[in-house]
1. Compute the distance in nm between two label points, each set 7 Å from the Cα along the Cα-to-Cβ direction, one at residue A:57 and one at residue B:217.
2. What does the protein assembly as shown give for Rg and for Dmax, in Å, if only its C-alpha atoms count?
3. Checking the a/c ratio against 1.5 first, then a/b against b/c, what shape does the Cα gyration tensor give for region A:178-242?
4. Would you please give the FRET efficiency between residue A:288 and residue B:192, computed as 1/(1 + (r/R0)^6) with r the Cβ-Cβ distance and R0 = 56 Å, to the nearest 0.05?
5. Relative to the isolated chain, which residues of region B:86-101 have their accessible area cut by 50 Å² or more in the presence of all protein chains (1.4 Å probe, heavy atoms, no ligands or nucleic acids)?
6. Thinking of region A:141-297 as a set of Cα atoms, what percent of all their pairs are more than 26 Å apart?
7. How much net charge surrounds residue B:91 when only the other residues with a Cβ under 13 Å from the Cβ of residue B:91 are counted, with Lys and Arg +1 and Asp and Glu -1?
8. For peptide A:134-145, compute the average count of partner chain beta-carbon atoms within 10 Å of each residue's beta-carbon.
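The values are calculated or read from the model by the stated rules, or taken from the named source; none is laboratory data. Just so we're clear, the structure is a prediction, and the values are computed from it rather than from any experiment. Neighbour counts run over all protein chains shown; Cβ positions are idealised from the backbone, glycine included. Side chains are part of the model used for accessible areas, which takes the heavy atoms of the whole protein and leaves out ligands, DNA and RNA. Shrake-Rupley method; radii C 1.70, N 1.55, O 1.52, S 1.80 Å.
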Amino acid sequence: MITPLSPASKAIPTESQTAPTLLKDNPMTTITASPTPSVQDSSVIKTKRSSTGKVRTRNVIQSEWIKFWSVRSNYLTLLAAGFATVAFGMIFSAVASDGQAPGPAAFLTNPVDVALGGVGLAEMIIGVVGVMVVASEYSTGLIRTSFATVGRRGRVIRAKVAVVGSSVFAVAGVAVTAAVIAGQAVYAGTEATVPVTDVLDVIFGTTYYLTGIALIGVALGFILRSTAAGIGTLVGAVFIGPNLLNLLPDSITDYFLKYLPSEAGSAILTQVTTPDQLSLGAGYLVFTAWVVGLLACAGALVQRRDA
Amino acid sequence: MIQVTDLTKAYGETLAVDQLNFTIKPGIVTGFLGPNGAGKSTTMRMILGLDAPTSGSATVGGRPLAEHDQPLKSLGFLLEAGAVHPTRSAHDHLRALAVTNGISTARVDHVLQLVGLSEVAKRRSGGFSLGMGQRLGIAAALLGDPEVVMLDEPVNGLDPEGILWIRHLLQNLANEGRTVFVSSHLMSEMELMAEHFVIIGQGRLIQDISAPDLRAMAAGDSTTVRADRLDDLVGLMQNDGVEITSTDRSTVSVKGVTPDQIGRLARDGGIALHSLVPEQRSLEDVFMSLTADSVQYHGSAPLEMAA
Ligand SMILES: Nc1ncnc2c1ncn2[C@@H]1O[C@H](COP(=O)(O)OP(=O)(O)OP(=O)(O)O)[C@@H](O)[C@H]1O
Ligand SMILES: [Mg+2]
């Protein structure tokens, strides 16, 4: 006979003193003794079928919201990015002298820019969150479940964009505002500090940029379907690449460098633009085009490819 | 009901699925069998609308699954048991799936209880054993209280008690009138579970056969006989078209005479029979010989095959 495996079974009399083959005709003998509730106890059938609606975008966004906030690393990483924005901004501001931040932020001269010196780190962390949210579904195979339960794949992409976008926008908005206030409060440089209300455009631009970077991460996750490839491309092509290209002679880089996402983004991050940057309006336009373009590319690939 | 029509899938040079035709009927458990690489998972992915067929079609209740209003309520499925984010809890995972199709949280709790995971539902699913992961996958398949349940290798990693449990679960689902389609590469797992078998090899349909018909195929055409005065009995049986081979001094194997004829001959000759055993192959043997030509990945040790 098959010995019931759970200790609990001892309390329950079974009549399965026969050969295992007989269990087929005796379905409720040993099975009742299992730690698993028997199938008959709690019928799978619900006599009244639940509402026969449709899958709506709202439902899918709700689902992605649950997914995003039920993975601890997602919100810890987001909080870390927010913390880095504020903490590094305060450090840079506190040690700024002669209107200049020290070390890697030395090119920043304006007190608001100095206070936002932590954004360079935060953008990498946030971009990685965007990649991870998507690529982890590919590595576990969950993406197949997501696509099959929703039916239309475009909805899954749009819902992820909505959830990652709104979450990052909220966290980044708070962190950037806090960094400007706190940074200027401890500012040790010589320039005059600026009230927050005078730099709302910079705060919005920076928040917009960080949100866009997260969405570029989402797009790369769908396009490359792998965490390693996604993060590698993001860091290499978006963050480090332009810095390396900057080493080339200006005569070459003048033509295209300013159109890369990070450089176009830099035009909306600051009030003080240099001649080799795009104008504020063009910066928004080009940066937005990158984000939308990459997401559209992701959408087209996802529709065409086997999941 | 699942209907597959001329379904074909090529991955580059490999024909993973080749002109498959079958219909999976409601009310019974249908086993989907084939050796490793036969194309079972690929077929299921096409039924789910995840992989696009190279040609042909697969429908659920007459329509492609992606066209159903709430796919989870039409077809519940298990593809890969590990398809969950490791740090997300079972409860959050199911809740995220449920909301897409307008399924209540009460139903989530119900299926968790049904598969015996209620107590660990709030823990990170990365710590689950293989069998618990399988149970979570089955819970997801049952979420939408679907008419059709399709499971890819659900028995993998389950202990004997778990196998018994899933067998009864699936039989109950079928008794409730649902369509139950379950894949495996082991006949021994399926033979007590399924009433019908679809057997494929190298992407092609080998048999679409009811359990009784398959058992009939397992009946051999020879009888093993042990008797007193075996030589005299052999003399009585000797006839045109009768083939007698001696296994050892007191045993012969007889083809061309039925067991009851042998019994009568022995009685008439006054010979005491010790045993009279009609040959009966196991379903596993039948399955092995059916798919022998299409097994792609042979082990190095010679396989012993009946017939
Ligand atoms: N995405 C893919 N790209 C290329 N080849 C693939 C892909 N998916 C499956 N194949 C090939 O198609 C064939 C069928 O694979 P499939 O996974 O459907 O078999 P299976 O019957 O599920 O096998 P198993 O019992 O091992 O799970 C195999 O030869 C496999 O290598
Ligand atoms: Mg498979």
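1. Going from the residue A:57 label point to the residue B:217 one covers 5.1 nm.
2. Every Cα atom of the protein assembly as shown included, Rg and Dmax give 33.2, 123 Å.
3. prolate
4. Numbers: r = 60 Å, r/R0 = 1.08.
Taking R0 as 56 Å, the efficiency between residue A:288 and residue B:192 is 0.40.
5. Buried on complex formation: B:88, B:96, B:97, B:99, B:100.
6. Details: 4573 of 12246 pairs.
Here the tail beyond 26 Å accounts for 37 percent of pairs.
7. That works out to +4.
8. 5
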